[in-house]
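Data block below; observations after.
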Amino acid sequence: MTSQPETSYPSWKHLELASPEAAWEDTPGRKRLLLLAVNMPGYYSLAVRILALGLAQNEPLARQLEVRYLEVDNTEDLVALAGHLAALRPDCLAWTANIWNRLQVEELIRRLRPMLPQALFVCGGQEVTNSAVDFLALLPELDYCIEGEGEIALLQLAQAWLENEAQQGSRILRDPHRVSGLRFRDPAQAGKSVLTRPAELVQDLDALPSVILAGLVQPQSRNLLGVMLEGSRGCPNRCSFCFEGGRTGRVRSASVARLAEEAAWMAAQGAGYFHLLDPILCNRTPARPRASRTVLAGL
């Protein structure tokens with residue numbers, strides 16, 4: 001049995017709303033941003049945790065913004081769920097749209113718009129990225145889409161929105177071009193859907209906050225895929241049929257030392273099942289999968 005690591009980390013567990021009925025206490029002078037993950041039953045969302053933690057750990061932003069995330073299953077009663085979400089009174093609601101939740105996300109957006117007429121609605125994820133569907137045309141209730149990786153783009157959007165709120169209180173950003181990866185309706189082009197530019201990317205995955213060391217992953221909760229360890233992003237190839245292809249052509253990797261620290265921490269919490277997220281298995285550097293295997297085998 002792996003012993004508890006000596007190093008302790010500050011907990012950010014308050015970022016998670018345990019259920020749609022959970023209380024969200026008011027913080028005077030701060031806007032409320034809610035990230036919603038609609039999952040397959042038994043699975044958790046790594047993306048929604050990374051995004052929430054990144055926003056919450058940005059100190060200037062945190063002085064103006066309360067961030068929470070909520071996970072629900074795609075089997076939920078959407079009528080009841082919409083009511084619970086509206087009762088939380090978010091000023092901004094952000095969804096991640098995937099193939100397993102797209103229809104539910106669309107229905108929630110339609111149901112919630114009349115219930116939250118002033119809230120900013122933002123959608124990101126694989127379904128809206130490089131999509132043949134224009135989601136802004138499909139969903140008039142939706143304000144913006146973020147295409148591509150969201151860590152930097154969502155931070156830019158939150159900053160632009162808060163400045164917007166302070167000056168005119170509108171859901172329409174004064175300067176959407178400040179936000180990378182943002183798809184918006186351009187009034188100069190009769191409301192045509194326009195992408196500002198490709199989303200800016202986090203170049204060093206070790207620079208991302210660790211949701212594991214922040215206490216946001218529980219080994220006995222939604223663990224059908226095991227504890228997800230993100231090993232790399234990107235691919236050196238440009239295959240047009242692949243989600244990882246056609247991007248920068250550069251692979252960005254987390255260090256094996258970071259993966260080892262996260263794995264040891266979770267093993268000490270009782271985790272025994274891990275899932276290494278690595279789209280190409282680091283096929284240009286064979287030493288990495290061998291080192292990763294050694295780390296996990298030692299737990």
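The values are calculated or read from the model by the stated rules, or taken from the named source; none is laboratory data. None of the values given here were measured: they were computed from a predicted structure. Cβ sites come from the backbone with ideal geometry, for glycine too, and all protein chains shown count toward neighbours. Heavy atoms of the whole protein, side chains included, go into the accessibility calculation; ligands, DNA and RNA do not. Shrake-Rupley method; radii C 1.70, N 1.55, O 1.52, S 1.80 Å.
3J(HN,Hα) along the range 192-204, derived from phi through the Karplus expression 6.51 cos²θ - 1.76 cosθ + 1.60 where θ = phi - 60°, amounts to 4, 6, 10, 9, 5, 5, x, 4, 5, 10, 6, 7, 10 Hz, with x in place of Gly and Pro. With Cβ to Cβ distances under 11 Å as the rule, what net charge do the other residues near R32 carry (K, R +1; D, E -1)? Once all neighbours under 11 Å are counted, the net charge is 0. For the range 38-180, which whole percent of the accessible surface, found with a 1.4 angstrom probe, sits on carbon and sulfur atoms? After summing per-atom areas, the C and S share lands at 52 percent. Annotation: amide H of H275 within the under-5 Å range of V227, M228, L229, sequence separation 5 or more or interchain, hydrogens built in the peptide plane. Solvent-accessible surface of the range 1-128, taken per residue with a 1.4 Å probe and all protein chains present: 47 Å².
Ranking P187, G226, F121 by how far each Cα lies toward the positive end of the dipole of the range 105-238 (charges on Cβ) leaves P187 at the top.
The local environment of W100, defined by Cβ-Cβ distances under 11 Å, has a net charge of -1 under the rule Lys, Arg +1 and Asp, Glu -1. In this structure, the amide hydrogen of C123, modeled 1.01 Å from its nitrogen in the peptide plane, lies closer than 5 angstrom to those of W95, Y144, C145, I146, counting only residues at least 5 positions away or on a different chain.
Rg/Rh for the range 46-187 stands at 0.92; both radii use Cα atoms, and Rh follows the Kirkwood definition. Here the peptides 209-222, 132-145 are ranked by packing, the mean other Cβ count within 10 Å, and the order with the highest first is 209-222, 132-145. Overall size of the range 9-85 from C-alpha positions, given as principal axis extents largest first: 37, 26, 16 Å. Computed about its Cα centre, the charge dipole of the chain is approximately 680 debye, with only Lys, Arg, Asp and Glu carrying charge at their Cβ. Across the range 76-84, rounded Karplus estimates of 3J(HN,Hα) from the backbone phi angles (6.51 cos²θ - 1.76 cosθ + 1.60, θ = phi - 60°) give 5, 6, 6, 5, 5, 4, 4, x, 5 Hz, Gly and Pro being marked x. Panel note: the C-alpha atoms of the chain, placed on their principal axes, show extents of 57, 44, 37 Å (largest first). Among S253, S193, S131, the largest mean-square fluctuation in a Gaussian network model of the chain (Cα springs under 10 Å) belongs to S131.
Residue by residue through the range 12-17, what is 3J(HN,Hα) from phi via Karplus (6.51 cos²θ - 1.76 cosθ + 1.60, θ = phi - 60°)? Round to whole Hz and write x for glycine and proline. With the stated coefficients, the range 12-17 comes to 10, 4, 5, 5, 8, 8 Hz. Once the Cα-Cα distance is subtracted from the 0.36 nm per residue extended length, the N130 to F241 segment shows a gain of 38.8 nm. Largest first, the residues F241, F121 sort by 1.4 Å accessible area into F241, F121.
Using the average count of surrounding beta-carbon atoms within 10 Å as a protection proxy, the listed peptides 194-200, 89-95 rank, highest first, as 89-95, 194-200. Toward the positive end of the charge dipole of the range 107-189, about the Cα centre and with charges on Cβ (Lys, Arg +1; Asp, Glu -1), which of L112, A137, N164 goes farthest? Of the listed residues, the answer is L112. Protection proxy ranking, highest mean first, for peptides 254-261, 123-130, 55-62: 123-130, 254-261, 55-62, where packing is the per-residue count of other beta-carbon atoms within 10 Å, averaged. Each stretch of four or more DSSP H residues adds -39500 (n - 2.57); spread over every residue of the chain, this sum gives -8000 deg cm²/dmol at 222 nm.
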